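Reading through the structure tokens given below for one structure.
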Amino acid sequence: MSDGTGFSALPEEVLTVIGGFCQELLVWRLMAVSRKVRRAVEPMLGRFLAERELVGHPCLLEHLPLRSVEDEVEVEDAERASKLLEIVKRFDKHLTANPRSLIALKRLTIECRWDEDDHASWYLLDRFPELEQLTMMFVVRPQDGPGQIDLLKLSDLTLYSTGAPIWQLLGFLETAKEVRSLKVLSGYRNPVIPDPLSMPIVLEDDFSPLLQKLQRVYLAGHLESLVNITRVFSTLPALEYVTLDPSGDTYSEEQLGNILRSIRKGGTVHSLALFGPAALDFMAEAHDPSQHGCLNGIRLLVLDETGDQGYTMMVPPENYNPKPDMNSLERIPYARYPNLSPIQPLCPGVLYVHEELQEFFDTYPTLRSVMFLEGYPPDHFAVDHTVLGPDVLYLVTRPEGGGPMRAIGPLVPS
């Protein structure tokens, strides 16, 4: 069809508007109509090409909080592996036919199986020089380590491995030195010795020079296998936000103590999230007199209900001193698992006991508010304590000028 008849006769601005209402496949088909139509609608491809997901189903990773569904999915299933390889090869053909996609892709979620032919998923990454955000899920044998991948513009990296992820992480960080946000979930399990702390994986490489621009870190799963990261906290000048969400018994008291000392020595971390029962162990370590002042720089502390007593762990037991030093603490978002039984308006004690929370406010005079949330927010460090959103159960505040705390929210009895 010529450029001047039929559909092609429409003005280019009209064609562009039409292209804006089309799904990706239809935009590709329109581009084949004529040069004029292609010129008008091709810019509409950008919103489709900027993001891709190349994973098996169901996805192995949940993000709120960072969790694996490995126990619910047979990751070694041959059919899953075969379908994933088909997805990757089909996308590879798309890239060959449409090279524009190579520079348009900004955000990618991909599953990599180390039993693939030629490790197709891993080496596919080298083709995206403009990639900024990557979520990578590895199904690997514990000792596997891939080669280096050049992602010079990568700023946001989420990495999950069914084995120890530290080799894969090193493969990224040796060139991706612009990473500002790092999330790592280690699914490491020692196949020989059942003790989860046995034979921790520690590389001789110094990760500090590779993480100089890191601002946020979220470490989950087997914490001891991530000691290459935790031991350099104090040397990262841009680090401000730390989330620790380890599995039970995958860390030592020594590692928790080193993390506390590293936070104190670095002096840049002002926001800390502690998820799961490990929060109790972490704060117990903070009680130790040798950790005096370790958390004085923390202004925002995020907790969740899986830590058993939640906020009350911060108040020393009767006749026990010292309390954790948190002389700058201002706000606490407190996340409650959304699948728990509903809270009734007349039963606020399900979330907190007034006298205990009042003692908590008295213990930390700089504390301004505690917000109880239904579920985990997309960014637990960005919770606005001035807005009662739909996920807010209670907001407990210290009145201006001091005095007893007061609660507001949809569950507060009128």
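The values are calculated or read from the model by the stated rules, or taken from the named source; none is laboratory data. A quick note: this is a predicted structure, and the numbers were derived from the prediction, not measured. Cβ: placed from backbone, ideal geometry, glycine included. Neighbour counts: every protein chain shown.
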### Query
Name the pairs whose Cβ atoms lie under 7 Å apart, with the first residue in the stretch 230-244 and at negative phi, the second charged (D, E, K, R), and 6 or more positions between them or separate chains?
S234/K265; A238/K213; Y241/R216
### Message
If I filter the stretch 10-43 down to residues being of a type outside the set (D, E) and in contact with a Lys or Arg (Cβ under 8 Å, 6 or more places away or on another chain), which single residue comes out as surrounded by the most Cβ atoms within 10 Å (Cβ to Cβ)?
### Response
L15
### Query
Taking the stated definitions as given, is A238 buried (at least 22 other Cβ atoms within 10 Å of the Cβ), modelled with pLDDT of 85 or more and not basic (K, R)?
no
### Task
Being buried (at least 21 other Cβ atoms within 10 Å of the Cβ) and of a type in the set (V, I, T) is the filter; apply it to the stretch 141-166 and report the residue that is modelled with the lowest pLDDT.
I149
### Task
Tell me, yes or no, whether the stretch 289-301 has at least one residue that is on the phi > 0 side of the Ramachandran plot, at pLDDT 75 or above and surrounded by fewer than 15 Cβ atoms within 10 Å (Cβ to Cβ).
yes
### Query
Between a first residue in the stretch 93-117 that is in the same structural domain as S68 (by TED's automatic domain parsing) and a second residue that is modelled with pLDDT under 85 and of a type in the set (S, T, N, Q), which pairs have beta carbons less than 6 Å apart while being 6 or more apart in sequence or on different chains?
L95/S101; I110/S121; C112/S121
### Task
Within the stretch 257-288, track down each residue that is buried (at least 19 other Cβ atoms within 10 Å of the Cβ) and among the small types (G, A, S).
S262, S271, A273, G276, A278, A279, A286
### Query
Among the residues of the stretch 131-140 satisfying the criterion of being of a type outside the set (A, V, I, L, M) and at pLDDT 90 or above, which is farthest from A81 (Cα to Cα)?
E132
### Task
Only strands (runs of 3 or more DSSP E) wholly contained in the stretch 324-403 count here; list those with 3 or more residues that are at pLDDT 80 or above and closer than 30 Å to S290 by Cβ.
331-336
### Cβ-Cβ under 7 Å pairs, at least 6 apart or on other chains, the stretch 167-183 side among the β-branched types (V, I, T), far side surrounded by fewer than 20 Cβ atoms within 10 Å (Cβ to Cβ)
T175/Q148; T175/D150; T175/L152; V179/S155; V179/K213
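For the stretch 238-267, which residues satisfy the criterion of being out of contact with any helix residue (DSSP H, G or I) (no Cβ under 8 Å at 6 or more places or on another chain), assigned to a loop (DSSP other than H, G, I, E, B) and closer than 15 Å to S181 by Cα?
Residues satisfying the conditions are A238, E240.
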